[in-house]
1. Taking the range 6-33 on its own, how many of its residues are open to solvent by less than 100 Å² (accessible area, probe 1.4 Å), outside any helix (DSSP H, G or I) and over 24 Å from Q65 (Cα atoms)?
2. Taking the range 43-58 on its own, how many of its residues are open to solvent by less than 60 Å² (accessible area, probe 1.4 Å) and closer than 12 Å to Y32 by Cβ?
3. Within the range 34-42, identify whether any single residue is part of a helix (DSSP H, G or I), open to solvent by 100 Å² or more (accessible area, probe 1.4 Å) and either of a type outside the set (D, E, K, R) or on the phi > 0 side of the Ramachandran plot (or both), and answer yes or no.
4. Take L76 and tell me if it is at pLDDT 90 or above, open to solvent by 90 Å² or more (accessible area, probe 1.4 Å) and either touching a Lys or Arg at 6+ places or on another chain (Cβ under 6 Å) or aliphatic (A, V, I, L, M) (or both).
5. I need the full set of residues from the range 43-66 which are closer than 20 Å to G80 by Cα, assigned to a helix (DSSP H, G or I) and small (G, A, S), in order please.
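The values are calculated or read from the model by the stated rules, or taken from the named source; none is laboratory data. Small disclaimer: the values here were computed from a predicted structure and weren't measured. Counting neighbours? That spans all protein chains shown, and the Cβs are built from the backbone with ideal geometry, glycine included. Just so you know, the surface numbers come from the protein's heavy atoms only, side chains and all, with ligands and any DNA or RNA stripped out. Shrake-Rupley method; radii C 1.70, N 1.55, O 1.52, S 1.80 Å.
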Amino acid sequence: MNGWWRHPRLRAGLLILFGVLVFAFGSLFLAYGQADPCRALAVERARRSAAGTMVEPWTRAETSQLSTAACVSGLLDSWGERLTHYV
């Protein structure tokens, strides 16, 4: 079992995967002050609402019922809307 761990390609692949995960969670934390995708989605929705950030507790209540995959999808959709809006 020790032999497969010493394979250089496997180690490099795992290090790249780990680096991507650290970058993703670090980016979420820097942008939203949260590493949890559902809380980041709540902050994103609050920032984009007409009422401003004071609605964040309500957006957190909405997103707390979503799965992590749904929150990630919501974040990607929101970012895509912003990108197409400015392009």
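1. 1
2. Residues of the range 43-58 open to solvent by less than 60 Å² (accessible area, probe 1.4 Å): 43-44, 46, 49, 51-52, 55-56.
After this cut, where a residue has to be closer than 12 Å to Y32 by Cβ as well, the list is 43-44, 46, 56.
Matching residues across the range 43-58 total 4.
3. So the first thing to find is which residues in the range 34-42 are part of a helix (DSSP H, G or I), and the list is 37-42.
Still in the running and open to solvent by 100 Å² or more (accessible area, probe 1.4 Å): 39.
Narrowing further to those that are either of a type outside the set (D, E, K, R) or on the phi > 0 side of the Ramachandran plot (or both): none.
No, the range 34-42 has no match at all.
4. Numbers: at pLDDT 90 or above: yes; open to solvent by 90 Å² or more (accessible area, probe 1.4 Å): yes; either touching a Lys or Arg at 6+ places or on another chain (Cβ under 6 Å) or aliphatic (A, V, I, L, M) (or both): yes.
Against the criterion (at pLDDT 90 or above, open to solvent by 90 Å² or more (accessible area, probe 1.4 Å) and either touching a Lys or Arg at 6+ places or on another chain (Cβ under 6 Å) or aliphatic (A, V, I, L, M) (or both)), L76 qualifies.
5. Scanning the range 43-66 gives a single hit, A46.
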